[in-house]
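To start, the structure itself, in structure tokens.
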Amino acid sequence: MMRHAWIVLALLIGTCAHAQAPEIALPTAIATRLHTLAQQPLGALRIGDNTLGALVSRFYAQRADAPLWQSVPRVRALSDALNGLVDDGLAAQDYGGDRLTRDVLRLQHDASLTDAQRADIDVRATAAYLLALVQLRHGVLDVDAFYPDWNAAPPGSESDAWLQAAARAAESGAVTAAFAAARPAAPVYAQLRTALQRLRDEAVTGGWPALPAGPTLKPGMHDARVALLRRRLLASGDLTRMAENDADDYDAALADAVRTFQSRHGLQADGIVGAATRAALNVPVATRIEQLRLNLERARWYLHALPPRYVQVDLANYRLGYYDDGQLAWSTRVQVGQPRRPTPVLRSVITHLTLDPSWVVPPTILREDMLAKLRRDPNYLARNDLRVFDRQGQIVPAHSINWARPPSGLTLRQQPGPEGALGLVAFRFANTHEVYLHDTPHKALFTQTRRAFSSGCVRVENAMELAQLLLDDPVRWNAESLQTAASYDVTRDVPLDPPVPLHIIYWTVAVRNDGRVGVVPDVYHQDPALRDALSDALARQEQAFALAD
């Protein structure tokens, strides 16, 4: 009897050991798969200064290589969340989504899967999950490759706590929520996603009609193309209903809809459909979808961890916004650099203001713009209140200089004053480009729709109002005291305490106060390079997942 009991016990132990063997073997299989991942294109995908393989290995190291994706509901939750990335301008296949869909079926129906096969499913799912989280958080591309002065925190250096939170979200099936938390929290990102979804819906129905060439369409006209214009603006949501009477009459409601469309696309909002407006109307919906995809990538660069108080210059929209407590509190028009001298995208901090500033002519402007004027016009310096200084800071008489072959080491400085190049106030921030925000005497240019006129600096309309907001001291620095201090013809620096963050951004979208999104002209012609880089990166990524075995 005793011998029989021992035999039964031995059989039970053997049975339990046999049942537990896959659980013990699967972490070992995952460790082996991690080793091969590091040698494959998928593991070699760059994430900042790191690799995807290294990030995945860190993730599993925290779990002692325990599997995460052996549950069908978990893998299905990941698959569904990846499909939702289409509204971020991404696609599930960028993360091996097609194979993941097949993996759900294999886990559900194939009981003969080996530990090696299960480990492969697990590691690829984790790679897709972490890569999507990182790219929603930082962007697919490295922002420093495009804008080295943005000074972003490098992706791939996610903390252990972040990896643990990602694991907990996956374990609870909350992958979609994890993706939502990784996206920029700024409302504009959600507005861009909604706009992209609307465009995709429009594409499914065949897109909008094209407006044929013909005479300029103006309010009050009767033209057969007006009915087509109505259909076009209905499709984009700029017009809410068809005409109650004759659809070929260009009435006031249609003119308002045209002005709305024009303002969303960086055009003069005059309600007149000329060549420029017709060209914007006729851009295919597929092109607009691609433009929004590019700007969603830029949004992932710009919109994370925004401070509560900051200044943002939106170059392609020619606007400056002052944000307080995370909300837009004040905005104004700006003039930015010409295409041949673009204002740089950068992130810095405004440390102080200069009241009644003098202007030191940058070497580039002296060399490329001013020397030719000095050679032609002996009175140019006097007329513009410019003085010449040598290396020792001594004034050099202008008549003693041969401007055809000027000596090296000369500096030209304009005296302070309201007609000086910097106006009454300049906003100073550290940067390597010698640019700043400033007032300007060229105020008439603010009425232009496209305002790329400067040599790289940002000219600010109503600059003294911005100065008052940044100083945030209504007792000492109200509008009257600021104006008085800037009118003494004495240059004076005023520190900001605390300094105010500055973001100078470039994207080719316009988000209106009502949440509507438009696309504005690519004044610096940066979209093509971004499109090519993004397409190449996602194609490499898709291929890497396809080759991962």
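Across region 117-123, computed HN-Hα scalar couplings (Karplus, 6.51 cos²θ - 1.76 cosθ + 1.60, θ = phi - 60°) run 5, 5, 5, 5, 4, 4, 5 Hz from first to last residue, x flagging Gly and Pro. Based on DSSP H segments of at least four residues, each scored -39500 (n - 2.57), the chain has a per-residue ellipticity at 222 nm of -13500 deg cm²/dmol. Close amide H partners of residue 452, meaning residues 5 or more places away or on another chain with modelled amide H under 5 Å apart, are 336. If the segment from residue 338 to residue 114 were pulled out straight at 0.36 nm per residue, it would be longer than the present Cα-Cα gap by 74.4 nm. Average the reciprocal distances over every distinct pair of alpha-carbons in the chain, invert the result, and give the Kirkwood radius in Å. So the Kirkwood estimate lands at 27.7 Å.
Annotation: for a label point projected 7 angstrom from Cα along Cα→Cβ of residue 442, residues of region 416-431 with backbone N closer than 18 Å are 417-427.
Cα centroid distance between region 475-513 and region 300-360, in Å? Comparing the Cα centres of region 475-513 and region 300-360, I get a distance of 10 Å. For a modelled paramagnetic label at residue 462, 7 Å from Cα along Cα-to-Cβ, no residue of region 481-525 is in reach, as no backbone nitrogen comes under 15 Å.
Helix 52-61 and the longest principal axis of the C-alpha atoms of the chain enclose an angle of approximately 50°. Between amide H atoms placed 1.01 Å from N, distances below 5 Å from residue 502 occur with 311, 348, 349, 350, all of them 5 or more places distant or on a separate chain. For the residues 531, 375, a 1.4 Å probe over the protein chains yields an accessible-area ranking, largest first, of 375, 531. Let's test this: bin the Cα-Cα distances of region 464-510 at 10 Å from zero up to the farthest pair and state each bin's percent. Reading the bins upward from 0: 21, 44, 22, 13, 0. Once both labels are modelled 7 Å past Cα along the beta-carbon direction, what's the residue 201-residue 227 spacing in nm? Taking the two extended label points, one gets 2.6 nm. Taking label positions 7 Å along the Cα-Cβ direction at both residue 241 and residue 327, the computed distance is 3.3 nm, reported to one decimal. Between residue 58 and residue 536, the C-beta separation translates, for a Förster distance of 35 Å, into a calculated FRET efficiency of about 0.85. Expressed as a whole percent, the accessible area of the chain that falls on carbon and sulfur atoms is 54 (1.4 Å probe). Shown in residue order for region 276-288 are the 3J(HN,Hα) couplings computed by the Karplus curve 6.51 cos²θ - 1.76 cosθ + 1.60 at θ = phi - 60°: 5, 5, 5, 4, 5, 4, 8, 5, x, 4, 4, 5, 5 Hz (x for Gly and Pro).
Seen from residue 504, the other residues with C-beta closer than 11 Å to its C-beta sum to a net charge of -1, counting Lys and Arg as +1 and Asp and Glu as -1. How far is helix 160-171 tilted, in degrees, relative to the longest principal axis of the Cα atoms in the chain, given as a value from 0 to 90 rounded to the nearest 10? Value to nearest ten degrees: 60. Once the chain from residue 430 to residue 32 is taken as fully extended at 0.36 nm per residue, the excess over their C-alpha distance is 138.4 nm. Given R₀ = 60 Å, FRET efficiency for residue 66-residue 514 by Cβ-Cβ distance, to 0.05? With a Förster radius of 60 Å, E is 0.75. Summing charges over neighbours of residue 309, with a neighbour being any other residue whose Cβ is under 10 Å away from its Cβ, gives -3 when K and R count +1 and D and E count -1. The modelled label-to-label distance between residue 492 and residue 234, using points 7 Å beyond Cα along the C-beta direction, is 6.3 nm. Treating r as the C-beta distance of residue 40 and residue 253 and R0 as 51 Å, the FRET efficiency rounds to 0.30.
The values are calculated or read from the model by the stated rules, or taken from the named source; none is laboratory data. Bear in mind that the values here come from a model prediction, so they are computed numbers and not experimental data. Counting neighbours? That spans all protein chains shown, and the Cβs are built from the backbone with ideal geometry, glycine included. Heads up: the accessible areas ignore ligands, DNA and RNA and are worked out on the full protein's heavy atoms, side chains in. Shrake-Rupley method; radii C 1.70, N 1.55, O 1.52, S 1.80 Å.
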